[in-house]
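The values are calculated or read from the model by the stated rules, or taken from the named source; none is laboratory data. On a predicted model such as this, the values are computed, not experimentally measured, just so you know. Here the Cβ positions follow ideal geometry from the backbone for every residue, glycine too, while neighbour counts run over all protein chains shown.
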Amino acid sequence: MFRKFRNWCFSALTIVFVAGTTTTYAQGDALFKAKCASCHQPHKNGTGPKLFQVRQKWSDGGAKEGSIYQWVNNWQTAAASDPYAQTVSTWSPTAMSAFPELKKEEINSIMDWVDSQPEPGAAAADGSTPADGMTPVDGETEDSSTSWIWIILGVIFITIILAIGGVRRQLKFVSDENAGKDSSDNLTYSEELKAWAWKYKTYVGISALVVVISLIVTLFLGLYSIGVVEEYQPSQPIAFPHAIHAGINGIDCKYCHNSVTKSKSAGLPTVNICMNCHKQVIGRTPAQQEQIAKIYDAAGWDPAGAGKYTGKTNPIIWNKVHVLPDHVYFNHSQHVVVGGIDCKQCHGDMTKMVETAKVQTTAELNKVEGNVPLTKPTMTMGWCIECHGVKEISTGAITDTKKDGYYAEIHKRLLNNDKTLYGKYLQDGKVTVSELGGWECAKCHY
Amino acid sequence: MKIKFKALASLAVISITTLLLGSCTADADSSGLEYMPDMYRSPAIEPYVDYGEVRGRENKDMKMKISALVPPMGTVPYFGTDSTTVNLMLPYFRKANVAFRETHGLYGDNLSIKDEYALAIADKNPIKLTADNVELVFKQGKELYTAMCQHCHSEKGDGNGPMVLSGAYVGVPNYVDRAALSDGQMFYSIYYGKNAMGSHSSQLNKKEIWTLVHYVRKFQNAEYGKFDASGAAVVALQTSDTLVKK
């Protein structure tokens, strides 16, 4: 009976103890994220120094007992009374905020939580899978190696055929000589071939026809492929995965391509935009860290130690993916702002694009939800024209007369000046881009 | 002897042809056949195109050596002739602290040794909210916020955006905890960056930042930007009719 009671007491105590530690752990986690994390990280120096085992560091450095808590409440009073705290205050020109509301237990819970955080590099080294789908980008392709295998095989086969043919001819030559025939009237290759072709002229004729027709077809297909750049995916200096940035981390396209609403060009991000996040995001796997190190090199950021910009920058030279010839004018802001077209209509669902950017095929674009289905190859004139023919001008512009802007003005003018024309446009229930002049040559070629 | 030579010659012809055909395999950095290559790489310079190598001909002087750059310091884009707009778009008169060179990489900027963040407390928002324009300002603010801030600061402004939830980034404050910030300091922080946040002056112009300041205030106080029947603001606004000038 007593034994049972004792066991029960032990288990109850254990539960209370575990629950107690987890609450302080959760409290430390929450407090750290709310109060400290905008400047401090457990294992990396940021605006403030790293906090891993900071209590140990202070006592090793000869700080007075309890001055670290005083520091958190108000660093200036701590620096005034403790020489060690005075040296800490020179760490960075950015002064730490005062947290007079934090009690000693709360500060301890924060420090306990920080000390329990594992080093980020260690997690990757012991082979544990990186969280959040942060898979390394595999840029290897095997297309070129496979085509070489076929070429080598072809060469070997042709060599064998020729060698056998040669042996046969040699044998024939020898047998003729043995039979006492005159070798001078021995036929050459071409004469032999002619004789053979004459003998089987029906089959030779038919196969020649087939060959000629297929050659013509290939020629025309080749001609049609001129100027079609679908699947074009040039190599890039940094293996940039859109899936992680726009997909998992939910960054809007316009954050990096921020001139898309203001300019003809959507704009490539300057390296300072990369650094807005990558000052802190160093990558979880060695493959990612290697890529992100290229950003640091370009931005002149020294991630070691306190983390500083050195001022020594290097260019990142991206390869342009979508290139239009000079006789075509395309303006991003016209399509995105006035037309209200989503990026995915032409660029596909970049939130799933793990590799670097490429010109999507029409088939892929048609799979994306909400896209206008088109048939012509991407980036060709047929493709543009097709969309201009079916895409209605920004939704609501026809019925919502109060709406200001470009299309509302056109609506007003049509209503006031030419009602019959407007009625004609509205026969299919929508006003398309082409009806407002989207098929005029000079809209894009001037 | 003659026959042997013939066989060798034909073998050579065939292998050279195969090699030539083999060299036609696609080059990943070539976009394929073009009608008029000089129309794709024309003398009229297009952004981000490398003119250093056109159809195998190399031109070392034209080779791309610089990446995308921020606009030169002090340049003002053309914003029409309306003097209010132009005044609003003139370069920001407050300077970043010299420490921002190392912490935020502002090497090209004119910096100040003074703590101008503290001085910015007095700056007023030049976009005046009225009962008429408040809807438009908040609509523009929402668009800008979605594109520029939401991935970290979250749709609700509590600092739990998708970047924080995915575990990629930590330390984004809740706007409610920063209610004591003045409009001017909020502007300064977006323009030059603050702590872990970088400078957003290359992505947002001054009008857009002031619009965002209005929008962010709404997270801190739901009553912000509401007007009573007499047209007076429910929450005191830190706006000014006169533009802040040097």
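Structure values in brief
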item: Filter result for B:Ala68 (out of contact with any strand residue (DSSP E or B) (no Cβ under 7 Å at 6 or more places or on another chain), within 13 Å of another protein chain (Cβ to nearest Cβ) and loosely packed, with under 10 Cβ neighbours inside 10 Å); result: no
item: Number of positions in the stretch A:261-315 that are within 26 Å of A:Val88 (Cα to Cα) and hydrophobic (A, V, I, L, M, F, W, C); result: 5
item: Answer from A:Pro303, A:Pro286, A:Pro234 - the residue that is of a type outside the set (Val, Ile, Thr) and either facing another protein chain (nearest Cβ under 7 Å) or buried (at least 19 other Cβ atoms within 10 Å of the Cβ) (or both); result: A:Pro234
item: Unmet requirement for B:Ser23, which otherwise passes all of (1) over 15 Å from A:Pro234 (Cβ atoms); (2) more than 9 Å from chain A (Cβ to nearest Cβ); (3) modelled with pLDDT of 70 or more; result: (3)
item: Hits in the stretch A:335-390 (condition: basic (Lys, Arg) and either more than 24 Å from A:Asp428 (Cα to Cα) or in contact with a Pro (Cβ under 8 Å, 6 or more places away or on another chain) (or both)); result: A:Lys344, A:Lys352, A:Lys358, A:Lys367
item: Hits in the stretch B:190-203 (condition: buried (at least 20 other Cβ atoms within 10 Å of the Cβ) and under 22 Å from B:Lys139 (Cα atoms)); result: B:Ile190, B:His200, B:Ser201, B:Gln203
item: Of all residues making up the stretch A:32-50, the number that are more than 8 Å from chain B (Cβ to nearest Cβ) and polar (S, T, N, Q); result: 1
item: Top-ranked residue in the stretch B:218-239 [being over 13 Å from B:Val134 (Cα atoms) and modelled with pLDDT of 85 or more; ranked as nearest to the chain's Cα centre (by Cα)]; result: B:Phe219
item: Residue match in the stretch A:317-332 (condition: more than 30 Å from B:Glu53 (Cβ to Cβ), more than 8 Å from every other protein chain (Cβ to nearest Cβ) and hydroxyl-bearing (Ser, Thr, Tyr)); result: no
item: Residues within the stretch B:46-63 that are β-branched (Val, Ile, Thr) and facing chain A (nearest Cβ under 10 Å), tallied; result: 1
item: Any chance B:Ala122 is exposed (fewer than 15 other Cβ atoms within 10 Å of the Cβ) and touching a residue at least 60 places away in the same chain (Cβ under 8 Å); result: yes
item: Residues of the stretch A:256-281 satisfying the condition of being within 14 Å of B:Ser201 (Cα to Cα) and part of a loop (DSSP other than H, G, I, E, B); result: A:Asn258, A:Ser259, A:Pro269, A:Thr270
item: Yes/no for A:Lys33 being closer than 30 Å to B:Gly198 by Cα and at pLDDT 75 or above; result: no
item: Test: A:Gly311 is at the interface with another protein chain (Cβ under 7 Å from one of its Cβ atoms) and on the phi > 0 side of the Ramachandran plot; result: yes
item: Pair list, Cβ < 7 Å and 6+ apart or interchain, from the stretch A:255-273 residues that are free of Cβ contacts under 8 Å to residues at least 60 places away in the same chain to residues that are surrounded by fewer than 18 Cβ atoms within 10 Å (Cβ to Cβ) and not hydroxyl-bearing (Ser, Thr, Tyr); result: A:Thr270/B:Leu69; A:Thr270/B:Val70; A:Asn272/B:Val70
item: Test: B:Arg94 is crowded, with 17+ Cβ neighbours inside 10 Å, at the interface with chain A (Cβ under 10 Å from one of its Cβ atoms), among the basic types (Lys, Arg) and closer than 25 Å to A:Cys39 by Cβ; result: no
item: Selection count where residues are assigned to a helix (DSSP H, G or I) and surrounded by 22 or more Cβ atoms within 10 Å (Cβ to Cβ), scope the stretch B:165-174; result: 0
item: Enumeration of residues in the stretch A:199-245 that are aliphatic (A, V, I, L, M) and in contact with a Lys or Arg (Cβ under 9 Å, 6 or more places away or on another chain); result: A:Ile238, A:Ala243
item: Residues located in the stretch A:242-276, provided they are buried (at least 21 other Cβ atoms within 10 Å of the Cβ), more than 16 Å from B:Ala68 (Cβ to Cβ) and at the interface with chain B (Cβ under 7 Å from one of its Cβ atoms); result: A:Asn249, A:Ile251
item: Residue match in the stretch A:295-309 (condition: under 17 Å from A:Thr356 (Cβ atoms) and in contact (Cβ under 8 Å) with a residue 40 or more places away in the chain); result: yes
item: Members of the stretch A:336-376 that are in contact with a helix residue (DSSP H, G or I) (Cβ under 8 Å, 6 or more places away or on another chain) and part of a helix (DSSP H, G or I); result: A:Val338, A:Lys344, A:Gln345, A:Cys346, A:Met350, A:Thr351, A:Lys352, A:Thr362, A:Leu365
item: Tally, over the stretch B:130-153, of residues that are in contact (Cβ under 8 Å) with a residue 12 or more places away in the chain and either assigned to a loop (DSSP other than H, G, I, E, B) or among the aromatic types (Phe, Trp, Tyr) (or both); result: 5
item: Near pairs, Cβ below 6 angstrom, 6+ apart or cross-chain, from the stretch B:63-81 (under 16 Å from B:Gly108 (Cα atoms)) to any residue that is small (Gly, Ala, Ser); result: B:Val70/B:Ser202; B:Met73/B:Gly108
item: Residues that are assigned to a helix (DSSP H, G or I) and at the interface with another protein chain (Cβ under 9 Å from one of its Cβ atoms), drawn from the stretch A:217-231; result: A:Gly222, A:Leu223
item: Verdict on A:Gln117 being closer than 18 Å to B:Asn195 by Cβ and either of a type in the set (Ser, Thr, Tyr) or in a loop (DSSP other than H, G, I, E, B) (or both); result: no
item: Residues (closer than 26 Å to B:Gly108 by Cα, facing chain A (nearest Cβ under 9 Å) and modelled with pLDDT of 90 or more) located in the stretch B:150-195; result: B:Gly193
item: Flag if B:Thr75 is assigned to a helix (DSSP H, G or I), more than 8 Å from chain A (Cβ to nearest Cβ) and modelled with pLDDT of 80 or more; result: no
